[in-house]
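Student: After the structure tokens below, expect a handful of questions from me.
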Amino acid sequence: MPTTLADAVAAVERLWPLEGAEAWDSPGLIAGHPDAELRRILLAVDAVAATASEAVEVEAQLLLVHHPLLLRGVTTIAEDTAKGAVLARLVRGGCALLAAHTNADVVEAGTSAVMAARLGLQGTRPIVPNPADPSTGLGRVGELPAPVTLGRLARALAALLPPTAQGVRVAGDPEQELRAVALCAGAGDALLAHPLVAAADVYITSDLRHHPASEAREAAFARSGPALVDVSHWAAEWLWLETAAEQLAGELPDVEVVVSELRTDPWDFAVV
Ligand SMILES: [Zn+2]
């Protein structure tokens with residue numbers, strides 16, 4: 001029996017159960033027929049023109065992304081809209097679209113957990129544990145196996161992540177010694193005031209805006225608080241795709257699972 005899109009949807013729900021998603025989120029199947037035969041899956045962070053075209057070109061029957069394309073309501077998928085054009089490209093190319101978003105953030109091998117593992121953190125636990133299963137939840141805190149300076153940690157992150165225009169931005173003394181690391185792959189400013197983040201030596205996340213970052217640094221100067229490391233949102237989540245691909249391939253042995261190498265970080269260059 002050939003593997004179908006329905007088999008992939010079931011596998012995705014086993015790996016990243018929908019109950020784990022935040023209430024505002026909209027993960028799951030966005031386009032595609034459940035009975036469609038599936039031989040190849042392309043994984044990407046974003047469903048954009050470039051990744052939709054790549055999915056069709058590599059003859060994938062499913063584009064699995066982290067960010068839901070239709071998170072907020074739309075009233076048209078006309079092809080002179082960007083989202084309509086992406087959907088039309090996929091549908092005409094025989095490729096379904098499926099998103100695993102916050103449901104893939106919280107699991108034991110989710111976006112933040114993968115980053116924590118790649119940094120070698122030990123004794124990791126969620127920043128916001130799920131009451132039903134405290135081994136899962138948003139963000140991770142853990143300890144570096146030995147103290148490392150902030151400068152070295154930033155360079156290690158830059159080496160780990162795919163290159164982007166923003167690189168790795170840091171607020172703090174490069175010589176500061178670190179041991180306790182808090183991190184949240186994706187936009188994590190909502191966790192800045194969390195006691196586990198405030199108690200860490202450094203907080204690694206993405207999309208830190210001026211005011212939350214400034215206030216967190218002022219609090220750190222006044223009392224104590226973490227150094228901040230701001231990495232590309234896309235890069236942080238792209239890191240998870242390899243793990244996701246391995247897990248998915250384990251669930252769907254007859255399907256080839258490919259990770260997109262295209263950079264869908266929206267920023268192209270920085271001038272400093
Ligand atoms: Zn994200």
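The values are calculated or read from the model by the stated rules, or taken from the named source; none is laboratory data. From a predicted model like this one, the values you see are computed outputs, not experimental measurements. Positions of Cβ are backbone-derived with ideal geometry, glycine not excepted, and every protein chain shown enters the neighbour counts. These accessible areas exclude ligands, DNA and RNA; they are computed on the full protein's heavy atoms, side chains included. Shrake-Rupley method; radii C 1.70, N 1.55, O 1.52, S 1.80 Å.
Student: Identify, from the list Ala182, Ala116, Ala193, the residue that is outside any strand (DSSP E or B), touching a helix residue (DSSP H, G or I) at 6+ places or on another chain (Cβ under 9 Å) and within 28 Å of Asp25 (Cα to Cα).
Tutor: That would be Ala193, the only listed residue that is outside any strand (DSSP E or B), touching a helix residue (DSSP H, G or I) at 6+ places or on another chain (Cβ under 9 Å) and within 28 Å of Asp25 (Cα to Cα).
Student: Which members of segment 170-212 meet the condition of being within 16 Å of the ligand (Cβ to nearest atom) and at positive phi?
Tutor: Of everything in segment 170-212, those that are within 16 Å of the ligand (Cβ to nearest atom) and at positive phi turn out to be Gly186, Asp207.
Student: Out of everything in segment 224-259 that is assigned to a helix (DSSP H, G or I) and charged (D, E, K, R), what residue ends up being nearest to the ligand (Cβ to nearest atom)?
Tutor: Glu237
Student: From the list Ala60, Ala78, Ala52, pick out the single residue that is surrounded by 20 or more Cβ atoms within 10 Å (Cβ to Cβ), in a loop (DSSP other than H, G, I, E, B) and of a type in the set (Gly, Ala, Ser).
Tutor: Testing whether each residue is surrounded by 20 or more Cβ atoms within 10 Å (Cβ to Cβ), in a loop (DSSP other than H, G, I, E, B) and of a type in the set (Gly, Ala, Ser) leaves just Ala60.
Student: Can I ask one more? Filter segment 108-143 down to the residues that are more than 12 Å from the chain's Cα centre (by Cα), of a type in the set (Val, Ile, Thr) and more than 15 Å from Ala187 (Cα to Cα) and list them by number.
Tutor: Correct list: Thr124, Thr136, Val141.
Student: Okay, moving on. I'm trying to understand the selection: among the residues of segment 81-97, which are closer than 25 Å to Ala244 by Cα, open to solvent by 50 Å² or more (accessible area, probe 1.4 Å) and free of Cβ contacts under 8 Å to residues at least 40 places away in the same chain?
Tutor: Matches in segment 81-97: Lys83 only.
Student: Right, here's the next one. Just for segment 23-49: of the residues that are closer than 21 Å to Asp105 by Cα, part of a loop (DSSP other than H, G, I, E, B) and not small (Gly, Ala, Ser), which one is most open to solvent (accessible area, probe 1.4 Å)?
Tutor: Trp24
Student: Filter segment 206-238 down to residues that are in contact (Cβ under 8 Å) with a residue 40 or more places away in the chain and either in contact with a helix residue (DSSP H, G or I) (Cβ under 8 Å, 6 or more places away or on another chain) or within 16 Å of Ser112 (Cβ to Cβ) (or both), then give me how many there are.
Tutor: 14
Student: Do you know which residues across segment 201-213 are in contact with a strand residue (DSSP E or B) (Cβ under 9 Å, 6 or more places away or on another chain) and open to solvent by 10 Å² or more (accessible area, probe 1.4 Å)?
Tutor: Asp201, Asp207, Leu208, Ala213 - these are the residues of segment 201-213 that are in contact with a strand residue (DSSP E or B) (Cβ under 9 Å, 6 or more places away or on another chain) and open to solvent by 10 Å² or more (accessible area, probe 1.4 Å).
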